[in-house]
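Here's the structure we're looking at; comments come further down.
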Amino acid sequence: MTTQFRYTLLLAVINLPLIMCAQAPVAPQALQATGYEKHVALNWQANPESNLSGYKIYRSTNGGASWEYLKQTGKAPIAIDWTGNEPEGITRHYRITAFNAGGESAPSQPDTADCVPMTDEELLEMTQRATFRYFWDYGHPVSGMARERSNGDANTVTTGGTGFGIMAIVVGAERGWVTRTEAVNRMIQIASFLQFADRFHGVFPHWMNGTNGNVIPFSQYDDGGDLVETAFLMQGLLAARQYFNQDTPLENALRDVITGLWEEVEWDWYRKNNSGVLYWHWSPNFGWQMNFPLRGFYEAQIVYILAAASPTHPVPASLYQTGWTSSNYANSGSHFGYKIYCGPFGGGPLFFAHYSYLGFDPRGKKDAFCNYFVRNRNHSLIQQAYAVANPKQHTGYNADCWGLTSCDGPNGYAAHDIWPANDDGTVAPTAALSSMPFAPDVSLAALRHFYRVRGERLWGVYGFYDAFNLNQNWYAPSYLAIDQGPIVGMIENYRTGLLWDLFMQNPEIAPALTAIGFVPDNTPVTEPEKASALEISVTPNPISNGLLGVDIYLQEAQQLSARLRDLRGSIVQDLLSETPFPAGKSRQTWLVQVPSPGVYLLEIGSNSGQIFVKKVVLH
């Protein structure tokens with residue numbers, strides 16, 4: 001029985017003036033200042049006033065004898081002070097005030113911090129912990145879900161990004177950034193919300209309203225279930241189910257709810273009338289209108305693993321072959337000496353190597369095409385080598401500044417990779433940092449560069465901003481859940497393998513991998529497996545007489561093809577087609593005909609699958 005209570009408030013209006021005066025806020029409490037190598041992180045308890053306007057930060061470098069005003073922040077109780085190249089040995093004192101229309105509060109109690117050089121391990125911890133705060137501090141207050149982005153509708157939460165965020169919460173609990181109890185409570189909040197949110201045959205939409213769980217259409221016809229986003233969510237939930245394994249009422253309840261959500265996903269429904277392939281979307285309003293069969297290779301490999309692993313709505317393991325790997329899957333090409341095995345030219349945007357592997361541990365196993373740890377390592381090294389070669393001469397690209405993926409850019413959100421038309425000079429920190437377990441040497445070098453060289457504009461309260469483009473002196477003001485989450489999770493997999501271990505402990509996973517054709521593989525995961533060597537050198541360059549001269553170096557005889565492309569990737573002139581060349585050095589000269597002077601790309605490929613690209617300038 002529901003009891004309804006009615007309250008009646010009688011207001012007597014009499015001839016007395018009603019005066020409403022805004023009062024200044026109370027002083028902020030519990031300020032903590034934490035010093036890192038190039039910045040100080042400031043955190044405090046949020047003020048209770050509903051009419052709060054924000055906070056003001058003050059700093060003293062003379063023991064509190066005098067204070068300088070640093071900046072004003074919004075309502076979030078978090079800020080950073082970028083100290084950059086200030087001299088070492090400075091002890092900084094901080095205090096903050098709150099303000100509203102009624103004035104400025106008294107200052108908080110001060111706290112102090114020193115900035116000191118940091119080891120790689122300390123930089124990794126710093127990056128993970130700051131990025132974790134995106135999901136912990138900025139999680140939706142009602143649902144606990146991950147908001148889609150920091151500069152969008154604050155009620156839009158993301159299904160896949162929440163899966164990545166759940167893994168970040170597991171890491172946060174393991175590393176003591178929050179208590180286990182706090183983490184369990186947040187997980188209960190998320191899982192309870194998911195029980196009552198919109199689902200379509202057990203499959204969640206791409207976006208939801210974080211307050212009421214209603215679907216928010218991702219596009220005109222995409223207002224129903226999103227199987228890929230749901231797979232990313234389930235990957236995170238299954239890792240959490242293994243982590244929160246204590247025999248307590250809350251952890252027992254959490255595991256039960258996660259199991260229920262997992263077992264209610266109707267993977268088999270998304271076969272579209274029992275076809276041999278899974279489909280990305282289904283809508284109760286538009287049915288299969290989106291019509292996107294999941295045929296690889298891209299970020300969705302985890303879908304087929306989980307669909308085969310489902311204890312309640314499995315699909316035949318053979319769908320991995322008839323669906324995922326059935327069409328243009330293999331790629332015999334190599335770039336800069338690294339084989340790519342499967343996927344598009346150069347491997348595609350680097351998130352292809354991250355999203356399905358936050359939980360699925362690709363080490364020590366292979367399918368009929370490759371070992372995916374090796375594939376993802378090579379994908380990462382190709383991108384780093386591409387930044388060194390820098391064929392389009394983008395500002396800032398070098399051995400330490402690399403990483404192309406889908407991210408915000410100066411012209412909006414877009415996918416970026418090494419295909420010429422897809423590279424506009426936008427670098428996303430998540431690309432290199434989330435490759436940490438695959439290519440730690442070059443990923444760590446990128447981390448040092450992003451923080452120590454670019455950090456003044458690239459580092460914020462939730463870690464590295466989404467992207468930057470030095471051609472246009474542009475830095476993103478935004479954070480995206482799908483980019484922040486892999487940073488926390490993949491750095492942890494590099495450091496301890498925690499998320500790989502947890503996800504693979506689920507009893508449904510190993511039999512599913514065996515059923516779809518994975519077998520043990522002892523390929524080393526430490527040394528890159530380079531393809532047969534092909535090197536080219538263009539001399540002279542720039543070219544003024546139309547004669548393009550190229551020195552070609554081969555370790556063994558091969559057939560070569562060559563073409564000239566413009567910077568959009570369009571073929572301007574075919575130069576060679578499967579022409580035999582001997583081992584050793586050869587010299588080749590072509591008379592090139594281009595529509596106008598400028599920068600072009602010389603592409604030479606071998607029958608072994610290697611492709612090399614060089615920038616040439618034609619006057």
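Figures for the structure shown
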read-out: Qualifying residue in the range 76-87 (condition: outside any loop (DSSP other than H, G, I, E, B) and of a type in the set (S, T, N, Q)); value: no
read-out: Enumeration of residues in the range 367-410 that are under 22 Å from the mean Cα position of the chain (by Cα) and among the small types (Gly, Ala, Ser); value: Ser380, Ala385, Ala387, Gly396, Ala399, Gly403, Ser406, Gly409
read-out: Conditions (1) assigned by TED's automatic domain parsing to the domain that holds Arg133; (2) among the aliphatic types (A, V, I, L, M); (3) at pLDDT below 95: number failed by Ile491; value: (3)
read-out: Residue selected from the range 455-488 under the condition under 19 Å from Thr83 (Cβ atoms) and touching a residue at least 40 places away in the same chain (Cβ under 8 Å), by the criterion surrounded by the fewest Cβ atoms within 10 Å (Cβ to Cβ); value: Glu456
read-out: Selection status of Ser108, among the small types (Gly, Ala, Ser), in the same structural domain as Leu233 (by TED's automatic domain parsing) and in contact with a Phe, Trp or Tyr (Cβ under 7 Å, 6 or more places away or on another chain); value: no
read-out: Criterion (within 21 Å of Asn47 (Cα to Cα), aromatic (Phe, Trp, Tyr) and not in a helix (DSSP H, G or I)) met by exactly one of Phe99, Phe135; value: Phe99
read-out: Residue satisfying all of: in the range 267-295; in a strand (DSSP E or B) and touching a helix residue (DSSP H, G or I) at 6+ places or on another chain (Cβ under 8 Å); surrounded by the fewest Cβ atoms within 10 Å (Cβ to Cβ) among these; value: Pro293
read-out: Scope the range 37-67; condition within 20 Å of Arg133 (Cβ to Cβ) and in a strand (DSSP E or B); matching residues; value: His39, Val40, Ala41, Leu42, Asn43, Trp44, Gln45, Gly54, Tyr55, Ile57
read-out: Within the range 396-483, helices (runs of 4 or more DSSP H) holding 3 or more residues that are out of contact with any Ser or Thr (no Cβ under 8 Å at 6 or more places or on another chain); value: 440-452, 455-458
read-out: Residue in the range 20-28 that is in a loop (DSSP other than H, G, I, E, B), surrounded by 12 or more Cβ atoms within 10 Å (Cβ to Cβ) and among the small types (Gly, Ala, Ser) present; value: yes
read-out: Residue satisfying all of: in the range 423-448; touching a residue at least 40 places away in the same chain (Cβ under 8 Å) and out of contact with any helix residue (DSSP H, G or I) (no Cβ under 9 Å at 6 or more places or on another chain); farthest from Leu601 (Cα to Cα) among these; value: Thr426
read-out: Hits in the range 139-177 (condition: surrounded by fewer than 21 Cβ atoms within 10 Å (Cβ to Cβ) and either of a type in the set (Phe, Trp, Tyr) or within 21 Å of Ser478 (Cβ to Cβ) (or both)); value: Pro141, Ser150, Asn151, Gly152, Asp153, Ala154, Asn155, Thr156, Trp177
read-out: Cβ pairs under 7 Å, 6+ apart, first in the range 253-275 and free of Cβ contacts under 8 Å to residues at least 24 places away in the same chain, second of a type outside the set (Asp, Glu) and assigned to a loop (DSSP other than H, G, I, E, B); value: Arg255/Phe244; Lys272/Trp288
read-out: Filter pass, Asp222 being in contact with a His (Cβ under 7 Å, 6 or more places away or on another chain) and either outside the structural domain of Ala307 (by TED's automatic domain parsing) or not aliphatic (A, V, I, L, M) (or both); value: yes
read-out: Failed item in (1) of a type in the set (A, V, I, L, M, F, W, C); (2) modelled with pLDDT of 85 or more; (3) not in a strand (DSSP E or B), with Leu560 passing the rest; value: (3)
read-out: Within the range 273-301, tally of residues that are basic (Lys, Arg) and at pLDDT below 95; value: 0
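Conditions (1) of a type in the set (A, V, I, L, M); (2) under 20 Å from the mean Cα position of the chain (by Cα), marked per residue:
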site: Val461; (1), (2): yes, yes
site: Gly485; (1), (2): no, yes
site: Glu492; (1), (2): no, yes
site: Leu548; (1), (2): yes, no
site: Ile552; (1), (2): yes, no
site: Asp566; (1), (2): no, no
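The values are calculated or read from the model by the stated rules, or taken from the named source; none is laboratory data. Quantities reported herein were computed from a predicted structural model and do not represent experimental measurements. Positions of Cβ are generated from backbone atoms using ideal geometry, with glycine treated the same way; all protein chains shown enter the neighbour counts.
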